[in-house]
Amino acid sequence: MPNPDQNPNPADPYDALLLVSFGGPEKPEDVVPFLENVTRGRGIPRERLEVVGEHYFLFGGRSPINDQNQALIAAVEQELAAHDIDLPIYWGNRNWAPYLADTVEQMAADGVRRALCLVTSAYSSWSSCRQYLDNLEAAVAAVPEGLTAPRLDKIRAYYDHPGFVAANVDGVLTALADLPDDVRDGARLVFVTHSIPTTMADASGPTGGAYVAQHLEVAGIVADQVAAATGVTRAHELVYCSRSGSPHTPWLEPDVNDRLEELAGEGVAAVVLIPVGFVSDHMEVVYDLDTEALATAERLGIPARRAASAGTHPAFVAGVRELILERAAAERAGTPGPCDSCPAGCCLGDRA
Ligand SMILES: CC1=C(CCC(=O)O)c2cc3nc(cc4[nH]c(cc5[nH]c(cc1n2)c(C)c5CCC(=O)O)c(CCC(=O)O)c4C)C(CCC(=O)O)=C3C
Ligand SMILES: [Fe+2]
């Protein structure tokens, strides 16, 4: 019988946190091998790769994503320490060093038995959830004989967690405050996420369609909270960026730039671009939104601001702690939630 008087480790049964991310190049020589890692076997046309490579070279061949993940780790370490939660944090990526397989081997060597994984993507889909689960499974399978691989559990899709929502609301409020006074009330709230193939979107989540539904849900929540905070109800909508793949394959639309053209035609007063689909300001945000979409808005004469992503916002960092404790408690009680272990085939669609 566990003794209720004993103060248990609130993270029990977990003995480590693993931050799981996409990875990005550190220097110009990394760009091409990184892109090869991302697109291996995925049928991305060569021309698209050359275009995307140029985005990275424009930023000195260095993606912001690795520094941002290190900043998130430092912030979560502080947050956990401040709450007397003893949980070492590891970090591994899908497409660049530190690679997940190396990190999971190190965890095994360190004696980690069971780790909780925080993926830097808040939504359900093959790209944003299932592929990471597959990467984790492969990393566990690759642990060399003689070492015991840790058991890895993934934190649920957390797009609707109050900490993630609050960070995004704050980003919108700051962006609105920065708009000229005469256009602020008329600003359109344009939520942006990564486009994915429509077949992938249709197959996302246990019953399909989760990727778009989750984004629409959180966009509605954020827009309501912004309305409550400012006393002004602004129209909001969801658009997409970073379309890849073959031009013959349908991906989610409208593209943010195309939509800005339409909004200019409708005479919208101003726009706030909200990168709600992204956890930090990585290349998709600093290129596709800050470089490209803001230039489109400028050309069209629409005053526009880009809201900050969750990043290391204190509300998001506190939310990560809450997500850890929520899951640990559910595992101790034997009551994991529906999204805590994905049903077989979830998000697979025609990849099954
Ligand atoms: C849903 C989603 C997220 C959000 C969830 C998450 O965060 O995971 C995301 C994030 C990211 N995507 C990133 C980079 C790239 N994504 C590519 C290609 C693709 N992304 C896709 C989807 C997503 N991608 C898909 C369906 C493809 C087609 C190929 C395939 O079916 O897999 C390509 C290939 C070139 C191109 O065509 O763009 C690159 C370079 C970076 C790193 C940025 C940096 O370096 O700072 C990050 C965080
Ligand atoms: Fe991507």
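The values are calculated or read from the model by the stated rules, or taken from the named source; none is laboratory data. Note that the structure is predicted; figures quoted are calculated from it, not measured. Using ideal geometry, Cβ is built from the backbone for each residue, glycine included, and neighbour counts are taken over all protein chains shown.
Structural remarks
- Some residue of region 263-283 being crowded, with 21+ Cβ neighbours inside 10 Å, under 24 Å from residue 212 (Cβ atoms), touching a Cys at 6+ places or on another chain (Cβ under 7 Å) and at pLDDT 95 or above: no
- A single entry from 213, 235, 177 fulfils the requirement of being over 30 Å from residue 36 (Cβ atoms), at pLDDT 95 or above and touching a Gly at 6+ places or on another chain (Cβ under 8 Å): 213.
- Of all residues in region 125-136 being out of contact with any Phe, Trp or Tyr (no Cβ under 6 Å at 6 or more places or on another chain) and within 19 Å of residue 207 (Cβ to Cβ), the one that is surrounded by the fewest Cβ atoms within 10 Å (Cβ to Cβ): 127
- Check on residue 48, within 15 Å of ligand 2 (Cβ to nearest atom), among the basic types (Lys, Arg) and assigned to a helix (DSSP H, G or I): yes
- Which numbered condition residue 305 fails, given (1) closer than 22 Å to residue 68 by Cα; (2) away from ligand 1 (no atom under 16 Å from the Cβ); (3) of a type in the set (D, E, K, R); (4) surrounded by fewer than 18 Cβ atoms within 10 Å (Cβ to Cβ): (4)
- Subset of region 279-323 [closer than 14 Å to residue 118 by Cα and within 16 Å of ligand 2 (Cβ to nearest atom)]: 279, 280
- Contacts under 6 angstrom Cβ, first residue in region 214-231 being farther than 20 Å from residue 347 by Cα, partner modelled with pLDDT of 95 or more and exposed (fewer than 14 other Cβ atoms within 10 Å of the Cβ), 6 or more apart: 227/233
- Of the residues making up region 159-195, those that are touching a helix residue (DSSP H, G or I) at 6+ places or on another chain (Cβ under 6 Å) and closer than 13 Å to residue 252 by Cα are 192, 193.
- Total residues in region 190-217, condition among the aliphatic types (A, V, I, L, M), surrounded by 24 or more Cβ atoms within 10 Å (Cβ to Cβ) and touching a strand residue (DSSP E or B) at 6+ places or on another chain (Cβ under 8 Å): 3
- Of all residues in region 126-184 being under 28 Å from residue 329 (Cβ atoms) and without any contact (Cβ under 8 Å) to a residue 24 or more places away in the chain, the one that is farthest from ligand 2 (Cβ to nearest atom): 137
- Residue check for residue 113: in contact (Cβ under 8 Å) with a residue 24 or more places away in the chain and more than 30 Å from residue 226 (Cβ to Cβ): yes
- Test for residue 94: is it within 20 Å of residue 157 (Cα to Cα) and of a type in the set (Lys, Arg): yes
- Residues in region 98-127 that are charged (D, E, K, R) and not in a helix (DSSP H, G or I): 110, 113, 114.
- Among the residues of region 86-97, those that are surrounded by fewer than 17 Cβ atoms within 10 Å (Cβ to Cβ) and part of a loop (DSSP other than H, G, I, E, B) comprise 86, 88, 97.
- Scope region 192-217; condition polar (S, T, N, Q) and either within 19 Å of residue 236 (Cβ to Cβ) or not in a loop (DSSP other than H, G, I, E, B) (or both); matching residues: 193, 195, 198, 199, 214
- Given (1) touching a His at 6+ places or on another chain (Cβ under 6 Å); (2) more than 15 Å from ligand 2 (Cβ to nearest atom), index of the condition residue 242 fails: (2)
- Candidates 8, 25, filtered to the one that is under 23 Å from the mean Cα position of the chain (by Cα), not in a helix (DSSP H, G or I) and not assigned by TED's automatic domain parsing to the domain that holds residue 278: 25
- Test: residue in region 234-246 that is away from ligand 1 (no atom under 13 Å from the Cβ), more than 20 Å from residue 194 (Cβ to Cβ) and surrounded by fewer than 20 Cβ atoms within 10 Å (Cβ to Cβ): yes
- Residue within region 40-51 that is β-branched (Val, Ile, Thr) and either at positive phi or surrounded by 18 or more Cβ atoms within 10 Å (Cβ to Cβ) (or both) present: no
- Any chance residue 157 is part of a helix (DSSP H, G or I) and either among the aromatic types (Phe, Trp, Tyr) or more than 22 Å from residue 39 (Cβ to Cβ) (or both): no
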